[in-house]
Structures are given as structure tokens and as C-alpha cells.
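Novice: Okay, handing you the structure first.
The values are calculated or read from the model by the stated rules, or taken from the named source; none is laboratory data. This is a predicted model, so every value here is computed, not measured. Note: ideal-geometry Cβ built from the backbone for every residue, glycine included; neighbour counts use all protein chains shown. Quick note on the areas: whole protein, heavy atoms, side chains included, nothing else; ligands and nucleic acids left out. Shrake-Rupley method; radii C 1.70, N 1.55, O 1.52, S 1.80 Å.
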Amino acid sequence: MSETQAIDWEGRYREGTAGWERHGLNPAFLSWRDSGSLAPCRILVPGSGRSLEPLALAEAGFDVTVVDSAPSAIAMQRAHFARLKLSARAEQADLFAWDPDAPFDSIYDQTCLCALPPGLWPSYARRLHRWLRPEGTLFILFMQNDRPNGPPFHCDIGAMRRLFASPAWAWPDAMPARIEHPSGVAEQPAVLRRL
Ligand SMILES: C[S@@+](CC[C@H](N)C(=O)[O-])C[C@H]1O[C@@H](n2cnc3c(N)ncnc32)[C@H](O)[C@@H]1O
């Protein structure tokens with residue numbers, strides 16, 4: 001099995017052990033959408049899983065693409081879109097063997113980075129950069145669980161600043177408060193600009 005597929009996500013969906021799932025929209029997502037900072041555009045949701053945000057984005061008029069390697073997650077995303085006759089794209093693929101036809105305006109990363117073994121983070125960060133157009137925006141939730149192992153892997157903010165560093169990325173002057181997750185961990189929302 002390849003390093004990028006070393007974790008059996010499909011098995012977790014089938015066994016019903018998807019403890020990271022929220023049963024509603026992420027409060028950070030709602031805040032970004034309702035404030036207009038996340039406004040209709042061409043957007044990618046990598047490692048979408050079965051999350052509800054892609055459907056909410058498509059309903060709000062975004063041009064949505066989701067990518068996930070787990071077949072049942074992609075089947076569920078397709079079913080969500082089909083039920084409401086929304087023309088979003090759901091691709092089953094390994095993110096490390098995938099590229100879009102054209103860059104995106106925005107990317108929404110909710111527990112995708114933290115699901116990847118940290119050894120893959122530099123490659124993933126380069127891909128996020130490549131998938132965004134210049135001045136595009138990365139809406140990301142950095143997992144804060146202070147645990148040595150994962151997934152989810154702790155996204156130390158100092159390490160994130162080094163991973164998403166200038167001159168490739170620009171950080172905001174201030175970040176919003178952390179978001180609590182029902183599983184007992186926290187997420188640090190951040191909006192990074194792709195330079
Ligand atoms: C922790 S889950 C998060 C799912 C979703 N974002 C959510 O918030 O519920 C991580 C997701 O990333 C997907 N994933 C992990 N590694 C991947 C890879 N190399 N390529 C594509 N998808 C991947 C898994 O299949 C899983 O659905």
C-alpha cells in the first residue's frame with residue numbers, strides 16, 4: 001500500500017468509526033460564509049469525506065469540486081448533489097495523484113491536512129499552492145489536539161507557519177477563536193492567501 005493510502009479511511013466509513021464527523025455545518029464555515037469572506041467561486045474541498053459543507057456550498061451557488069479516495073464518501077457526496085440536482089463534481093482519487101484542469105479560486109480544508117501523515121505535509125502544501133490561482137484563498141481548520149500520534153495529527157501553529165510560509169503564502173494579522181469539536185478536540189480556523 002502506498003504511503004498516501006496507508007490509513008484505511010474507507011474501512012472507517014464502513015465500520016461506522018468516523019468519529020471526526022460533525023453532524024452539522026462547522027461553525028467556522030458558517031462564519032466565513034455568512035460574513036461573505038467565503039463568497040461564491042470555483043472551490044475545491046479535498047478529503048471531503050461525507051461532510052455537509054460541499055452541499056451547502058453548491059446550494060449557495062459555488063462551483064464545487066470534491067476529491068476523496070474513499071469510495072463510499074464520494075458515493076455519498078454524489079448522492080447529496082444528485083438529490084438536489086446540483087451540478088457539482090465528486091472525484092474519487094488519491095490527492096497525491098490528482099490535478100485539476102484549472103486552478104481554483106478557493107480551497108476549503110476541513111480535517112484533510114490533519115488526516116495525512118505529517119511526512120506528507122510538505123508535498124500536500126505544495127499541491128494546495130499549485131491548485132489555487134494567485135491571490136486565491138485557503139480556508140483551513142488546523143487541528144489542535146496536542147497528541148503525539150494521529151490521525152488526527154496535531155497542527156502546531158508554529159509548524160503551520162513554517163509549512164505555509166512566505167513568499168508562497170500570506171497569513172492574516174489575527175485569527176478567529178478556536179472552534180470546539182464534539183469529540184473533545186479543537187480546531188483553529190485560518191484564512192491564508194496564496195501569493
Ligand atoms: C478525517 S476525514 C475528514 C473528512 C471530511 N473533511 C470531514 O470533515 O468530515 C479525512 C478524509 O480524507 C480522505 N483522504 C485521506 N487521505 C487521502 C488521499 N491521499 N487522497 C484523497 N483523500 C484522502 C479520507 O478518505 C477521509 O475522507
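Novice: Which of the numbered conditions does residue 34 fail, given that it passes all the others? Conditions: (1) closer than 18 Å to residue 190 by Cα; (2) surrounded by 16 or more Cβ atoms within 10 Å (Cβ to Cβ).
Specialist: (2)
Novice: Something else now. Find the residue count for region 152-184, including only residues that are farther than 24 Å from residue 120 by Cα, without any contact (Cβ under 8 Å) to a residue 12 or more places away in the chain and not in a loop (DSSP other than H, G, I, E, B).
Specialist: The initial filter retains those residues of region 152-184 that are farther than 24 Å from residue 120 by Cα, namely 172-184.
Those still in the list that are without any contact (Cβ under 8 Å) to a residue 12 or more places away in the chain too: 173-174, 177, 180, 184.
From what is left, the residues that are not in a loop (DSSP other than H, G, I, E, B) are 180.
The qualifying residues number 1.
Novice: Would you pick out the residues in region 37-69 that are within 15 Å of the ligand (Cβ to nearest atom) and farther than 13 Å from residue 112 by Cα? Steps first, answer last, please.
Specialist: In the first step, residues of region 37-69 are kept if they are within 15 Å of the ligand (Cβ to nearest atom); the result is 43-57, 64-69.
Within region 37-69, 43, 52, 53, 54, 55, 56, 57, 64, 65 qualify.
Novice: Next question, about the same structure. Within the set of pairs 6+ apart or on separate chains, which have a first residue in region 100-124 that is open to solvent by 20 Å² or more (accessible area, probe 1.4 Å), a second that is of a type in the set (Lys, Arg), and C-beta atoms under 8 Å apart?
Specialist: Pairs found: 102/42; 103/130; 103/133; 105/42; 105/133.
Novice: Sticking with this structure for a sec: For region 14-31, which positions are open to solvent by less than 20 Å² (accessible area, probe 1.4 Å) and either in a helix (DSSP H, G or I) or in the same structural domain as residue 182 (by TED's automatic domain parsing) (or both)? Before the answer, list the steps.
Specialist: Residues of region 14-31 open to solvent by less than 20 Å² (accessible area, probe 1.4 Å): 18, 26, 28-29.
Hits for region 14-31 are 28, 29.
Novice: Also, I was wondering about something else. Residue 115 fails exactly one of the following numbered conditions: (1) closer than 20 Å to residue 169 by Cβ; (2) assigned by TED's automatic domain parsing to the domain that holds residue 136; (3) within 8 Å of the ligand (Cβ to nearest atom). What is the number of that condition?
Specialist: Of (1) closer than 20 Å to residue 169 by Cβ; (2) assigned by TED's automatic domain parsing to the domain that holds residue 136; (3) within 8 Å of the ligand (Cβ to nearest atom), only one is false for residue 115: (1).
Novice: Write out, first by first residue and then by second, each pair whose Cβ atoms fall under 6 Å of each other, whose residues are 6+ apart or on separate chains, and whose first residue, in region 57-68, is open to solvent by 20 Å² or more (accessible area, probe 1.4 Å) and among the small types (Gly, Ala, Ser) while the second is in a loop (DSSP other than H, G, I, E, B) and away from the ligand (no atom under 15 Å from the Cβ).
Specialist: 61/40
Novice: Of the numbered conditions (1) assigned by TED's automatic domain parsing to the domain that holds residue 159; (2) closer than 23 Å to residue 75 by Cβ; (3) of a type in the set (A, V, I, L, M, F, W, C), residue 88 fails exactly one; give the number of that condition.
Specialist: The single condition residue 88 does not satisfy is (1).
Novice: Please find, within region 70-99, the residue that is nearest to the ligand (Cβ to nearest atom) out of those that are assigned to a strand (DSSP E or B) and open to solvent by less than 70 Å² (accessible area, probe 1.4 Å). Show your work before the answer.
Specialist: Taking region 70-99 first, the residues assigned to a strand (DSSP E or B) are 89-92.
Keeping just the survivors that are open to solvent by less than 70 Å² (accessible area, probe 1.4 Å) gives 90-91.
Details: 90: 12, 91: 9 Å.
Result: 91.
Novice: Taking the stated definitions as given, is residue 15 farther than 16 Å from residue 106 by Cα and away from the ligand (no atom under 11 Å from the Cβ)? If you could, list the steps in order and put the result at the bottom.
Specialist: Working: farther than 16 Å from residue 106 by Cα: yes; away from the ligand (no atom under 11 Å from the Cβ): yes.
Answer is yes for this residue.
Novice: So residue 40 passes all but one of these: (1) within 16 Å of the chain's Cα centre (by Cα); (2) open to solvent by 50 Å² or more (accessible area, probe 1.4 Å). Which condition number does it fail?
Specialist: (1)
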